[in-house]
1. Looking at region 64-76, which of its residues are within 14 Å of the chain's Cα centre (by Cα) and of a type in the set (Val, Ile, Thr)?
2. Looking at region 163-174, I want the residues that are small (Gly, Ala, Ser) and have a partner that is not in a helix (DSSP H, G or I) with Cβ atoms under 8 Å, at least 6 apart or on another chain. Which pairs are those?
3. Under 7 Å between Cβ atoms, at least 6 apart or on separate chains: pull out the pairs that start in region 339-365 with a residue that is without any contact (Cβ under 8 Å) to a residue 40 or more places away in the chain and end on any residue that is of a type in the set (Val, Ile, Thr) and part of a loop (DSSP other than H, G, I, E, B).
4. Which residues, counting only those in region 150-186, are hydroxyl-bearing (Ser, Thr, Tyr) and either on the phi > 0 side of the Ramachandran plot or in contact with a helix residue (DSSP H, G or I) (Cβ under 6 Å, 6 or more places away or on another chain) (or both)?
5. Run down 138, 94 and say which single residue is under 15 Å from the mean Cα position of the chain (by Cα) and of a type in the set (Val, Ile, Thr).
6. Just the residues that are within 20 Å of residue 294 (Cα to Cα) and aromatic (Phe, Trp, Tyr), please, taken from region 122-162.
7. Output the residues belonging to region 74-88 that are out of contact with any Asp or Glu (no Cβ under 9 Å at 6 or more places or on another chain) and crowded, with 18+ Cβ neighbours inside 10 Å.
8. From the residues in region 255-266 that are of a type outside the set (Val, Ile, Thr) and out of contact with any Pro (no Cβ under 9 Å at 6 or more places or on another chain), which one is surrounded by the fewest Cβ atoms within 10 Å (Cβ to Cβ)?
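Throughout, read-outs are computed from the coordinates displayed, never taken from laboratory work. Bear in mind the structure is a predicted one, so any value in this text is a computation, not a measurement. Note: ideal-geometry Cβ built from the backbone for every residue, glycine included; neighbour counts use all protein chains shown.
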Amino acid sequence: MTNTPSTSAAHGSPVLRKMSFLDRWLPAWILGAMVLGLLLGRALPGLGTVLESVKIGEVSLPIALGLLVMMYPVLAKVRYDETARVTGDRRLLVLSLVLNWVVGPAVMFALAWLLLPDLPEYRTGLVIVGLARCIAMVLIWNDLACGDREAAAVLVALNSVFQVLAFGVLGWFYLQVLPSWLGLPTTSAEFSVGAIVVSVLVFLGVPLLAGFLTRVLGERARGRQWYEERFLPRIGPWALYGLLFTIVVLFALQGDAITSRPWDVARIALPLLCYFAVMFTLGMFGARAAGLNYARSTTVAFTAAGNNFELAIAVAIGTFGVTSGQALAGVVGPLIEVPVLVALVYVSVALGSRLFPGDPTVPTR
């Protein structure tokens, strides 16, 4: 949790009792942030124009700042000198890559066609969401569930590399090649490699570099004990402040689109709910079957279930337009993902001891 200085410390302490006030009521804060954003978007029609007036690539600057504030404390907690033990675990790396870049896009494609056969724009938007693997918010969910921070940092870095290399190719395959093979309608789309690179550099590169330098310089100046027991608890809550700010801004930007088409939102939400449940379950039980402990299984599960909504929205807007159905599908992504993955944090903690009996990395309640 955010008030614990390290993963190892978190695993050895009663999680729910030691949660901070902010952590304990996290679902309420997130729900409040979503409602506040929607109300602001409806009450102030010009707010979206103001928030969108400055962008990084196709992403609103306020959202970018919120994500950076959110990710920095989490990445500052990572013990970078211990990442070598992660890169040597082939089971972890191979399983995560297969789930993220083979299974995930295929599951989303299948769900989109099964549940939205009559809505091609929304279906295409969901396929794009499935291709955008998470490189940001997964760090928050993993940290809250007491996953392996070093493993999360490595897997997020791997996803960022594959995102640059594979996003366009997989988009072509799932929107044109595979539908053609199956006798289904195809969608023509060109993805901007530049937008993908900007997304990776801004939303991962900047906070990763800041977190790494903070860890190295802080330990060099004052030592690890001071850094983890004094410094990290001070900056830890800012991760959730950044998360809540990002949610408010995101839903303020898209409040009108969401509230004016509730039935469409519900149709889009159904395959997303199925997707998050399926991917989390495959990740958790697949990692358990591969012999990984609770901490790493949790990391694999959240990495597989999460999506890079900021990239998906940017690609949908840049390719199909801000008022398109594809863009709305991208916007509904975090509307469903945020509360569902928060709920899965509690599911992970609650079921940890049952799924991994005797595992010292399981958080005690």
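1. Residue satisfying the conditions is 74 alone.
2. Note: pairs meeting the criteria are 168/191; 171/189; 171/191.
3. These pairs meet every condition: 353/362.
4. 160, 174, 186
5. Result: 138 is the single residue among 138, 94 that is under 15 Å from the mean Cα position of the chain (by Cα) and of a type in the set (Val, Ile, Thr).
6. 141
7. Once the filter is applied, which keeps residues that are out of contact with any Asp or Glu (no Cβ under 9 Å at 6 or more places or on another chain) and crowded, with 18+ Cβ neighbours inside 10 Å, region 74-88 yields 75, 76.
8. Applying the filter and picking the extreme gives 263.
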